[in-house]
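Colleague: What follows is a single structure, and I will ask about it in a moment.
The values are calculated or read from the model by the stated rules, or taken from the named source; none is laboratory data. The structure displayed is predicted, hence computed values, not measured ones. With ideal geometry, Cβ positions are generated from the backbone for all residues, glycine too; neighbour counts draw on all protein chains shown. What goes into the accessible areas is simple: the full protein's heavy atoms, side chains included, and nothing from ligands, DNA or RNA. Shrake-Rupley method; radii C 1.70, N 1.55, O 1.52, S 1.80 Å.
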There are 2 protein chains.
Amino acid sequence: MTYKNFPMVSKVIFGRGSFNQLEEIIAPKRNGRHAPFIYYVDDVFKGNHWLTSRITLSYKDKIIYVPTKEEPKTSQIDTLVEDIILEFSEKPSGIIGIGGGIVMDIAKAVSLMLTNKGEAKDYQGWDLIKNPAIYHVGIPTISGTGAEVSRTTILTGPERKLGINSDYTPFDQVILDPELTKDVPKDQWFYTGMDCFIHCIESLNGTYLNAFSQSYGEKALDMCKDIFLNDTLDTETAQDQLMMASWHGGMSIAYSQVGVAHALSYGLSYLLGIKHGIGNCIVFDHLDEYYPEGVKLFKDMKSKHGIELPKGICEDLDEHQFDVMIDVALSLEPLWENALGKKWQKIMTRDKAKELYQKM
Amino acid sequence: MTYKNFPMVSKVIFGRGSFNQLEEIIAPKRNGRHAPFIYYVDDVFKGNHWLTSRITLSYKDKIIYVPTKEEPKTSQIDTLVEDIILEFSEKPSGIIGIGGGIVMDIAKAVSLMLTNKGEAKDYQGWDLIKNPAIYHVGIPTISGTGAEVSRTTILTGPERKLGINSDYTPFDQVILDPELTKDVPKDQWFYTGMDCFIHCIESLNGTYLNAFSQSYGEKALDMCKDIFLNDTLDTETAQDQLMMASWHGGMSIAYSQVGVAHALSYGLSYLLGIKHGIGNCIVFDHLDEYYPEGVKLFKDMKSKHGIELPKGICEDLDEHQFDVMIDVALSLEPLWENALGKKWQKIMTRDKAKELYQKM
């Protein structure tokens, strides 16, 4: 038996307003005036002075606003990396991602691809990255994805939606400032929060689970129940708690894996461009056969917050399209093995996967 | 408001038997044949081939057995560092601590003092360390202290018992192998486990608490209750869980502090040489005024496991001795401020501290 040696985020700061300490934190990492800090910022913050006025640009530092209507693509990463190489004479001092899971993943992927030759798609998989990344900082502005703490960056490539999983992927620095999540719209708050909830359910019900992942998953699950089902938390406390739930939910994956919902959701995302949070919700709603208690809780949460999920999204798909989704989903072997055991292929047949997609 | 930027352990591996991966993990860190790995090993493992046969010594690598009857002293660290400097022509490739809190703290302190000039006592306090430590690895063989994850190493110096708290103190690598705890004697299991329990109570009831520390503390506390009060866990699961409880309990201190029990226990330890685990228990038993629910739970646990604590240990002390203990305890301002608030000096007077010591 060999166990994974898990890399943790090197430094983490937590607190309301801790975003104000960004400049002081990154200053010692500057490698001279020609090596800029590049900020990838979710474009919902464009013109938001409350946030952007606190980003200090020196020398050649640059803010790049990132549209987040679509999940990040490997080709997009390649373009962003090329832009940096063409514009600056030296490698950046650091890459800073300010946003949700999409922006976190872009910051991680760009920092990796600045020091590893070739195209991002070549590194989709496990432990293919050879060189340490550029110093990179994650600052989540919405809670739930766990991207701030994970050793992956999920990208849609020409052939598959799959992460660049490596020891060099985790952030060198994370700033957890729950105040940054104060303006998240309710629907998005729910979908992204459910990403955390679903991580926990998939991790805790998976065959890979050990005491390490279990302890993180249980805590994150308890916090999700408090946040989404009980009415005892005030607004700020709920923001604080959800940011920590996301963190612990992400840590829970360290020795575990996600499962059925994530695998099928990747298929939806690949073919239809459905974003991860809502995609997970659409899928999870139909997984009572695999996660009966989790799905019951999910339906309670959905109803409590008046969330209506899209229906019939697979209604008009043809056979070829189903095949594409099923190919993407079933290629994610570790997820299925975690969810259903070593003989998962006998349980999750192509017919079964199609039957599930047809319900959505 | 300024928040602490907390350094985390860089890499962690968890699993029964993961100790077998030690050689493979540290091999890439070797800086040549003249730069040895130094293993500090709790001397209870002397002659224990089950453990020691799995330590591979190459070139000038060396095992140093550490007696653990007494808490580590600053002078002991200085001697250990001098021994290394005299014996080897190059700085070690790494320092590996295999044991309980004492050995963890020795490994951390030696790795720091090999790269920072002067004596260990000069660095007791907060953020006095200037240079990064030698690569250092922590492998706990008993659970509860949280030393495997903390940014301190507690030492008894000529003037005080106080930690070297710094960003360079945390381990670069931790190996969490619960199997290594299988032969811990019951009394020691209880005392050290209660160190974790008391961390949680002090952290969760402290004025410094935030959502980060709270989430870790709550989880560790829940796990302690399961382990020490319920009968539902089998032996191996209880070992696994206690190792994780210790980890989370240590993380809970990140944004918090310990409190009354630790402060008074440091006094006992400084004057009477009482070890930390049992010292905490002796003190905590009398703290119902400060931690009523925690002390009730503690008494239930003590009774359930048939633990008899020493009594009357302060009976024969003279005024000067009380003064020494009180000086050590009351010098730990952050602990008192966390426990009792900014006006703690009005609550914890010298008379009050003496009254508490007299009960022990």
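Colleague: Along Cα→Cβ at 7 Å, what distances in nm separate the residue B:334 label point from those on the other copies, shortest first?
Modeller: Label-point separations across copies, in nm and ascending: 3.6.
Colleague: Another question about this same structure. Using Cα centres only, tell me the gap between the range B:184-223 and the range A:236-261 in whole Å.
Modeller: 21
Colleague: Moving on to the next point. Computed over the Cα atoms of the protein assembly as shown, what is the ratio Rg over Rh, Rh following Kirkwood?
Modeller: Working: Rg = 26.2 Å, Rh = 26.8 Å.
That ratio is 0.98, to two decimals.
Colleague: If you roll a 1.4 Å probe over chain B with all protein chains in place, what percent of the accessible area is carbon or sulfur?
Modeller: For chain B, the apolar C and S fraction of the accessible surface comes to 48 percent.
Colleague: Can you give the longest stretch of chain A with no exposed loop site, where a site means GluC sites (Glu not before Pro) in a DSSP loop (not H, G, I, E or B) with at most 11 other C-beta atoms within 10 Å?
Modeller: Longest run free of exposed loop sites: A:1-288.
Colleague: Need one value for A:18-29: mean number of C-beta atoms belonging to other chains within 10 Å of its residues' C-beta atoms.
Modeller: Counting Cβ atoms of other protein chains within 10 Å of each residue's Cβ and averaging gives 1.
Colleague: What does the charge dipole of chain A about its Cα centre add up to, to the nearest 20 debye, if the Cβ of each Lys and Arg holds +1 and the Cβ of each Asp and Glu holds -1?
Modeller: In total the dipole reaches around 660 debye.
Colleague: Can you count the Lys pairs in the range B:161-309 with C-alpha separation below 15 Å, eight or more apart or on different chains?
Modeller: Close lysine pairs found across the range B:161-309: 8.
Colleague: Which angle between 0 and 90 degrees, to the nearest 10, do you get for helix B:101-113 versus the longest principal axis of chain B when only C-alpha atoms count?
Modeller: 60
Colleague: PRE reach from residue B:186 (point 7 Å along Cα→Cβ): which of the range B:299-334 fall under 11 Å by backbone N?
Modeller: B:304-308
Colleague: What's the total accessible area buried between chains B and A, using a 1.4 Å probe, rounded to the nearest 100 Å²?
Modeller: Interface between B and A: roughly 3100 Å².
Colleague: Can I ask one more? Would you please calculate the Kirkwood hydrodynamic radius of the range B:243-288 over all C-alpha pairs and express it in Å, rounded to one decimal? Kindly include the intermediate steps, with their values, before the conclusion.
Modeller: Numbers: mean 1/r = 0.0877 Å⁻¹.
Kirkwood radius, the range B:243-288: 11.4 Å.
Colleague: Within 10 Å of each Cβ in A:212-222, how many Cβ atoms from other chains are there, averaged over the peptide?
Modeller: Mean partner-chain Cβ count within 10 Å for A:212-222: 5.
Colleague: Obtain the nm distance between the two label points defined at residue B:167 and residue B:315 by a simple spin-label model: each point lies 7 Å from its Cα along the Cα-to-C-beta direction.
Modeller: Modelled inter-label distance: 5.1 nm.
Colleague: Tilt of helix A:319-330 relative to the longest C-alpha principal axis of chain A, in degrees (0 to 90, nearest 10)?
Modeller: That works out to roughly 70 degrees.
Colleague: So in the protein assembly as shown, what percent of DSSP beta bridges are antiparallel if you round to the nearest 5?
Modeller: For the protein assembly as shown, the DSSP antiparallel bridge percentage is about 20.
Colleague: A follow-up question, please. Placing +1 at every Lys and Arg Cβ and -1 at every Asp and Glu Cβ, with all other atoms neutral, what dipole size does the protein assembly as shown have around its Cα centre, in debye to the nearest 20?
Modeller: Details: 74 positive and 98 negative charges, 190 e Å.
In debye, rounded to 20, the protein assembly as shown gives about 920.
Colleague: To make sure I understand the rule: partners must be aspartates and glutamates, Cα under 18 Å from the Cα of residue B:46, and not fewer than 8 residues away in the same chain. Which ones qualify?
Modeller: Filter leaves B:61, B:70, B:179, B:183.
Colleague: I would also like to ask the following. Sequence neighbours fewer than 8 away in the same chain don't count; with that in mind, list the lysines whose C-alpha is under 16 Å from residue B:4.
Modeller: Counting by Cα, and skipping residues close in sequence, residue B:4 has these lysines nearby: A:11.
Colleague: Follow-up. Please give every one of the aspartates and glutamates within straight-line cross-link reach of residue A:69, meaning a C-alpha to C-alpha distance under 16 Å, and leave out same-chain neighbours fewer than 8 residues apart.
Modeller: Answer for residue A:69, where 16 Å is the Cα cut-off: A:42, A:43, A:105, A:187, listed by chain and number.
Colleague: Per 5 Å bin, what percent of the C-alpha pairs of the range A:186-358 does each bin hold, from zero upward?
Modeller: Histogram of Cα-Cα distances, whole percents per bin: 1, 9, 18, 22, 20, 15, 9, 4, 2, 0.
Colleague: In nm, one decimal, shortest first: how far is the label point of residue B:319 (7 Å from Cα along Cα to beta carbon) from the matching points in the other copies?
Modeller: Reported distances to equivalent positions: 10.0 nm.
Colleague: Taking the simple approach of a point 7 Å from Cα along Cα-to-Cβ for both residue B:304 and residue B:33, what is their distance in nm?
Modeller: Inter-label distance under the simple model: 5.6 nm.
Colleague: State to the nearest 20 debye the size of the charge dipole of the range B:44-137 about its Cα centre, where the only charges are +1 on K and R beta carbons and -1 on D and E beta carbons. Please report the intermediate quantities before stating the final value.
Modeller: On the way: 11 positive and 12 negative charges, 56 e Å.
For this selection, approximately 280 debye.
Colleague: Could you work out how far the C-alpha centroid of the range B:76-139 sits from that of the range A:1-30, in angstrom?
Modeller: 24
Colleague: Report, to the nearest 10°, how far helix B:74-87 tilts away from the longest principal axis of the Cα atoms in chain B, using its own Cα long axis and a range of 0 to 90°.
Modeller: Approximately 0 degrees, to the nearest 10.
Colleague: Continuing with this model, one more query. What nm distances, shortest first, do you get from the label point of residue A:57 to those in the other copies when the point sits 7 angstrom along Cα to Cβ?
Modeller: 6.0
Colleague: Now, a different point. Semi-axes of the equivalent ellipsoid for the range B:11-181, please: Cα gyration tensor eigenvalues, times 5, square-rooted, ordered largest first, whole Å.
Modeller: 23, 18, 15
Colleague: May I ask you to derive the FRET efficiency for residue A:333 and residue A:83 from their Cβ-Cβ distance with R0 = 35 Å, giving the value to the nearest 0.05?
Modeller: Efficiency at R0 = 35 Å is approximately 0.50.
Colleague: Among B:191, B:294, B:228, pick out the residue whose Cα is farthest towards the positive end of the charge dipole of the range B:186-358, where Lys and Arg carry +1 and Asp and Glu carry -1 on C-beta, about the Cα centre.
Modeller: So the residue furthest toward the plus end is B:294.
Colleague: Okay, next question. Give me the percent of Cα-Cα pairs in chain B that sit more than 30 Å apart, rounded to a whole number.
Modeller: Cα-Cα pairs in chain B separated by more than 30 Å: 34 percent.
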